[in-house]
Amino acid sequence: MKALDLLAQNISNIELRLGYKFQDRDLLALAFVHRSFINENREIHEHNERLEFLGDSVLGLLIADYLYRYLPSTPEGELSYLKSRLVEASSCVTYIHKLDLEQFLLLGRGERMNDGRGRESILADLLEAIIGAVYLDGGLESAKAFLFKNFSTEIEAILKTPVRNWKALLQDYCQKKYQTTPSYHVIDEKGPDHSKTFKISVFLNDEEVGKGEGGSKKEAQQKAAEDALSKMDIHE
């Protein structure tokens with residue numbers, strides 16, 4: 001129970017970092033309870049996946065509303081793409097890192113020892129769970145204020161960053177140099193249906209040349225292609 005006690009002792013500190021004071025602090029505490037923690041602490045019966053499910057939808061709505069108002073002449077297809085960039089796991093991790101809250105996340109021993117790519121999806125889920133908790137505690141306007149007060153700089157930076165289609169770059173390179181195209185294979189998927197994490201490997205002539213992980217197959221494929229290109233040390 002030491003981890004729970006530490007979390008309870010730091011609730012005020014966490015609220016300060018969030019810039020939001022909860023009426024129901026149990027909601028905030030729940031946002032930090034990962035499924036792996038309750039698997040090893042049977043006296044705890046709830047984890048943050050339901051909050052994460054809710055927060056995922058709230059985040060999507062807030063970002064869609066922002067893009068609709070911020071980019072009045074942008075067509076639907078481009079808005080959809082920009083939205084996916086702003087809510088994807090890597091962006092959520094950028095947001096959560098800014099708040100420096102990872103130390104308070106309650107994880108099982110196995111997950112605590114895992115410093116690999118799986119940690120990214122856990123941190124993204126934490127961000128969504130916090131948004132869900134703020135929404136339940138204070139409503140949509142509170143969730144909106146929390147999101148844009150904390151992350152407007154990061155959101156604007158992502159929107160201004162040129163996008164590189166790593167899959168297209170890798171395919172073009174492989175066709176020119178090897179006269180063949182790479183293939184992508186799902187090697188693992190985990191998580192609840194509303195928040196899957198996919199691990200994908202990209203192969204060239206049956207040889208694995210890159211790996212990637214993401215909240216969608218497309219995101220994971222792009223990261224796998226980027227990984228492959230970085231290993232090939234290609235200079236444009």
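The figures follow:
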| quantity | calculated |
| --- | --- |
| Residue-span extension gain [T161 to D24] - 0.36 nm each, minus C-alpha spacing | 45.5 nm |
| Two-site label geometry, S230 and L99: point separation in nm, points 7 Å out along Cα→Cβ | 2.6 nm |
| Inter-label distance, nm, simple model (7 Å from Cα along the C-beta direction), K218/R50 | 3.2 nm |
| Charge dipole (the chain, unit charges on Cβ, about Cα centre) - positive-most of C174, L51, S84 | C174 |
| With DNA, RNA and ligands ignored, accessible area of K83 (1.4 Å probe; Å², nearest 10) | 70 Å² |
| Computed [θ] at 222 nm, helices only, for the chain once each DSSP H run of length n ≥ 4 contributes -39500 (n - 2.57) | -20000 deg cm²/dmol |
| GNM flexibility winner over the chain from E88, E141, E207 (Cα, springs under 10 Å) | E207 |
| Helical segments meeting 20 Å axial Cα length and Kyte-Doolittle -1.0 threshold in the chain (DSSP H) | 49-70, 118-138, 140-160 |
| Relative contact order of segment 166-232, defined on C-alpha pairs under 8 angstrom at six or more residues apart (%) | 28 percent |
| Aspartates and glutamates whose Cα lies under 18 Å from that of K211, excluding same-chain neighbours fewer than 8 positions away | E88, D115, E120, D188, E189, E219, E226, D227, D233 |
| Entry for percent of Cα pairs over 34 Å apart (calculated from the structure that is shown) out of (1) 22; (2) 14; (3) 30 | (1) |
| Neighbourhood net charge (12 Å Cβ-Cβ; Lys/Arg +1, Asp/Glu -1) for S183 | -2 |
| Ordering of 104-110, 214-220, 8-14 by packing [mean C-beta count within 10 Å, highest first] | 214-220, 104-110, 8-14 |
| For segment 19-155: relative contact order, % (alpha-carbon pairs under 8 angstrom, 6 or more apart) | 40 percent |
| Within the chain: Cβ-based charge dipole about Cα centre, in debye rounded to nearest 20 (Lys, Arg +1; Asp, Glu -1) | 320 debye |
| Whole-number accessible area per residue in Å² for segment 122-163, which is evaluated in the context of all protein chains at 1.4 Å | 39 Å² |
| R0 of 30 Å, Cβ-Cβ distance L61-K190: FRET efficiency to nearest 0.05 | 0.70 |
| Net +/- balance of residues flanking E49 in space, Cβ distance below 12 Å, scoring K and R +1, D and E -1 | -4 |
| Percent carbon-and-sulfur accessible area, segment 138-236, ignoring ligands, DNA and RNA, probe 1.4 Å | 48 percent |
| Listed pairs K83/K196; K196/K231; K98/K231 exceeding 22 Å between Cα atoms | K196/K231; K98/K231 |
| 9 Å beta-carbon shell around Y20, net charge (K/R +1, D/E -1) | 0 |
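The values are calculated or read from the model by the stated rules, or taken from the named source; none is laboratory data. Everything numeric in this text was worked out from a predicted model, so none of it was measured. Counting neighbours? That spans all protein chains shown, and the Cβs are built from the backbone with ideal geometry, glycine included. For the accessible areas, the whole protein counts, side chains as well, though only heavy atoms, and no ligand, DNA or RNA atoms are used. Shrake-Rupley method; radii C 1.70, N 1.55, O 1.52, S 1.80 Å.
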